[in-house]
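Engineer: Got a structure for you, questions after.
The values are calculated or read from the model by the stated rules, or taken from the named source; none is laboratory data. All values derive from a computational prediction rather than experimental measurement. Neighbour counts run over all protein chains shown; Cβ positions are idealised from the backbone, glycine included. Heavy atoms of the whole protein, side chains included, go into the accessibility calculation; ligands, DNA and RNA do not. Shrake-Rupley method; radii C 1.70, N 1.55, O 1.52, S 1.80 Å.
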Amino acid sequence: MLFGVFDGHAGSACAQAVSERLFYYIAVSLLPLKTLIEIEEAVESERPVLPVLQWHKHPNDYVSTDAGKLYFNSLRTYWQERIDLHEDDDSDIQTALRNAFKRLDNDISLEAQVDYGVPFAHFTPLRVAQSGCTACVAHVDREDLHVANLGDSRAVLGVQGDDGRWSALTLTNDHNAHNPDEMQRVLSEHPVSEEKTVVKHDRLLGLLIPFRAFGDIKFKWSSELLNHIYEARPELLVGNENAKMLLPNYHTPPYLIADPEIAHHKLRPQDRFLILATDGLWELMHRQTVVQVLGEHLSDIQWKKPVSGLGFTVGQMHRLLKERKSRALSALEDENSATHLIRHALGSDGCGSIEPKRIAKMLSLPQDLARMYRDDITIIVIHFNN
């Protein structure tokens, strides 16, 4: 199973493209050569190809269809290269994940350099490459859990001890100025003369909070290439004045990378769930609180399971029903764990209770105003069968 959260910045085009494409790149990186050859032969002779992935999507999930053919051709080139290089599937999963991330970012960059005559509706390759996104992806194969992270989303495990208590185990590091190792990495990749300008006000070149991301070509391409594209495609600059400006102190690109940090964890019976969430959640709630809220929510769900009357005295049944009633008042009825977390993040009074008025206010803020109170929040909760 593959799961991922993707957090866009400078527009939604990159996050949209990466969320649709990255899992295919991971699949191509992991599939045995024999399978890739079968797929290539089927495509070549125009026979139907068995789906590489089985998606679990919500019927309302948006899919951009404009660039489908372009995306397919880039992916096909990738598997053809794997076949030609006889790259067999003995590469480990960490290498496969790293290759998939870097290859997709490279393809996003290449597609933007070619002028595709027909402008697609919203997501021209250049728009995708000009915007950016972070990614946090979990690959679960029986008890092997790998997390590949790029940027400042997080993966946190909910662990339940023998005494029933909950603890949080973070599997990712944030790639931003608050991580000393990441600061050291960024500074070491540029000359000493740029020491004061590479990171300013905790942002890359004074502008970007995450230090690793897809897209964002204005932090990656050479000045010559950026100038060339803007001269060739002046329409891109209409109404977007800061697009044509080279960034200040832009001397030794690339400043931004799409090389993920990968963690491996062997799942244990006490590992009950994994939370993947964008930085919007972690800004509002501490990881221990997140796990605690979710752990208690799970116990509440257990409580609501039907009980059979056998083996209960009337007094015991009465006590059980009273206990249930008090619990039901304290927890708003959320079937879905991720919804439950968002409700707490937006509506908590700071003392463990939820204020419905506060949630209503937070959810009804107009878009331009909402950003002053909260970031976008995307959450996936994966429950493990212990």
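Engineer: Can you pull out every residue in region 332-361 that is in a helix (DSSP H, G or I) and closer than 29 Å to V147 by Cβ?
Structural biologist: Residues satisfying the conditions are S337, A338, T339, H340, L341, I342, R343, H344, A345, L346, G347.
Engineer: Among the numbered conditions (1) of a type in the set (S, T, Y); (2) within 19 Å of R21 (Cα to Cα); (3) at pLDDT 90 or above, tell me where Y62 comes up short.
Structural biologist: Result: Y62 fails condition (3) only.
Engineer: Here's another thing I want to ask about it. Could you list all residues from region 357-383 that are modelled with pLDDT of 90 or more and either surrounded by fewer than 11 Cβ atoms within 10 Å (Cβ to Cβ) or of a type in the set (V, I, T) (or both)?
Structural biologist: Those that are modelled with pLDDT of 90 or more and either surrounded by fewer than 11 Cβ atoms within 10 Å (Cβ to Cβ) or of a type in the set (V, I, T) (or both): K357, I359, S364, P366, L369, I377, T378, I379, I380, V381, I382.
Engineer: Which is under 16 Å from H286 (Cβ atoms) and not hydrophobic (A, V, I, L, M, F, W, C), of H146, H178?
Structural biologist: Result: H178 is the single residue among H146, H178 that is under 16 Å from H286 (Cβ atoms) and not hydrophobic (A, V, I, L, M, F, W, C).
Engineer: Another question, then. When you check R76 against the structure, is it more than 21 Å from T124 (Cα to Cα), of a type in the set (K, R), out of contact with any Leu (no Cβ under 7 Å at 6 or more places or on another chain) and open to solvent by 40 Å² or more (accessible area, probe 1.4 Å), yes or no?
Structural biologist: no
Engineer: Which condition breaks for D271 when tested against (1) acidic (D, E); (2) within 26 Å of E182 (Cβ to Cβ); (3) open to solvent by less than 20 Å² (accessible area, probe 1.4 Å)?
Structural biologist: Of (1) acidic (D, E); (2) within 26 Å of E182 (Cβ to Cβ); (3) open to solvent by less than 20 Å² (accessible area, probe 1.4 Å), only one is false for D271: (2).
Engineer: On to the next question. Kindly indicate whether L36 is farther than 26 Å from G151 by Cβ, in contact (Cβ under 8 Å) with a residue 12 or more places away in the chain and open to solvent by less than 30 Å² (accessible area, probe 1.4 Å).
Structural biologist: It is true that L36 is farther than 26 Å from G151 by Cβ, in contact (Cβ under 8 Å) with a residue 12 or more places away in the chain and open to solvent by less than 30 Å² (accessible area, probe 1.4 Å).
Engineer: Follow-up question, since we're still on this one. Please report, ordered by residue number, the helices (runs of 4 or more DSSP H) entirely within region 1-108 with at least 2 residues that are more than 23 Å from the chain's Cα centre (by Cα).
Structural biologist: Per the criteria, 33-44, 68-84.
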